[in-house]
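Read the figures in this text as sums done on the coordinates, not as results from a lab. Since we're looking at a predicted model, the values are computed, not measured. Quick reminder, even Gly has a Cβ in these numbers, built from the backbone with ideal geometry, and neighbours come from all protein chains shown.
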Amino acid sequence: MTSKTGFEIHELRDSAEIAKGIALYRQVFGIPSQQCSVAPRLLTGLSRHGGFVLGAWAEDSLVAVSYGFVGFPAGELPYLYLQLIAVHAEHQGRGIGRAMMHRVAQVARQRGLRRLRWAFDPLQTRNAYFYLDVIGARARAFVADMYGVEAAGRDRRMSTHRVIAEWDLRPPVSAWRPPSAPPPVGTPLPDGQSLLLTVGTTGGSEFEPDAEAEAYRQLSRLMDRGYCLVSCRTVDSHVVARLCPDRISECLRA
């Protein structure tokens with residue numbers, strides 16, 4: 001699949017292409033050669049047995065890689081799980097990540113699946129805005145230290161708190177209007193059936209450690225109570241998350 005911006009996305013299958021994908025992954029996440037990374041045999045198995053390994057190419061250079069697999073937990077309908085999308089630093093901001101997300105959604109539809117899931121850090125607010133407000137996903141579960149403490153790479157020694165996003169591949173519901181002012185840090189603000197919560201600043205990493213920890217606690221508590229994360233917007237240099245009761249979706253349509 002060739003995009004309008006001049007890069008091409010296709011599945012990686014042979015060993016040489018998969019090796020390039022792993023090298024790009026190491027580069028993007030700053031993982032040195034002596035540290036463990038994703039295994040070539042794993043990606044080869046995924047590419048040939050129901051999962052997927054995608055690459056985006058600009059001319060002859062691999063500039064993005066993504067992989068995942070079909071999830072089929074007990075008691076649920078199957079879905080496609082997206083493990084990661086890694087985009088070369090020099091090619092970020094060109095729409096490659098968005099194109100990769102839509103290509104993964106196409107893979108899901110080709111497999112007869114109507115849901116896509118992945119994990120992301122809710123306080124990485126640029127990602128949260130993209131996933132929730134641009135793509136139209138919602139996050140229903142909070143997982144503390146999902147991968148343990150990072151042992152290597154650019155995020156070494158950082159915690160890995162994550163929320164699990166789900167993208168319903170059916171037609172999206174309407175968006176919402178953000179509030180005129182951010183709620184006080186650490187205090188959920190009722191807004192109809194939903195709640196608004198300040199989770200960071202526009203810089204993402206500018207939150208003080210105590211405030212960041214409190215934001216994670218608030219998100220975890222509210223999601224345990226049955227709220228799902230549906231939006232992440234900037235209001236007066238603060239990032240405000242919107243959470244809705246998961247039993248119904250009318251708060252998305254309000």
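Go ahead and set up a Gaussian network model of the chain, Cα springs under 10 Å, then flag whichever of 231, 37, 220 fluctuates most.
37
Which length gain, in nm to one decimal place, applies between residue 180 and residue 70 when the Cα-Cα distance is subtracted from 0.36 nm times their residue separation?
35.5 nm
What residue among 12, 169, 42 shows peak mean-square fluctuation when the chain is described by a Gaussian network model with Cα springs under 10 Å?
42
Calculate the dipole size of the chain relative to its Cα centre from +1 charges on Lys and Arg beta carbons and -1 charges on Asp and Glu beta carbons; express the result in debye to the nearest 20.
Dipole size: approximately 740 debye.
Quickly estimate the mean residue ellipticity at 222 nm for the chain, helices only: each DSSP H run with n ≥ 4 gives -39500 (n - 2.57), and the total goes over all residues, rounded to 500.
Calculated mean residue ellipticity at 222 nm is -7500 deg cm²/dmol.
State which stretch of the chain is the longest one without any exposed GluC sites (Glu not before Pro), exposure meaning a DSSP loop state and at most 16 other Cβ atoms within 10 Å.
Here the longest run is 77-149.
Just name one of 135, 187, 52: the one whose Cα is farthest towards the positive end of the charge dipole of the chain (beta-carbon charges, Lys/Arg +1, Asp/Glu -1).
The Cα lying farthest towards the positive end belongs to 52.
What are the DSSP H helices in the chain that stretch 27 Å or more along their long axis, judged by alpha-carbon atoms, and whose average Kyte-Doolittle hydropathy comes to at least -1.0?
Span-like helices, by this rule, are absent here.
Which one, 197, 77, 222, has the greatest fluctuation when you compute a Gaussian network model over the chain with C-alpha springs under 10 angstrom?
77
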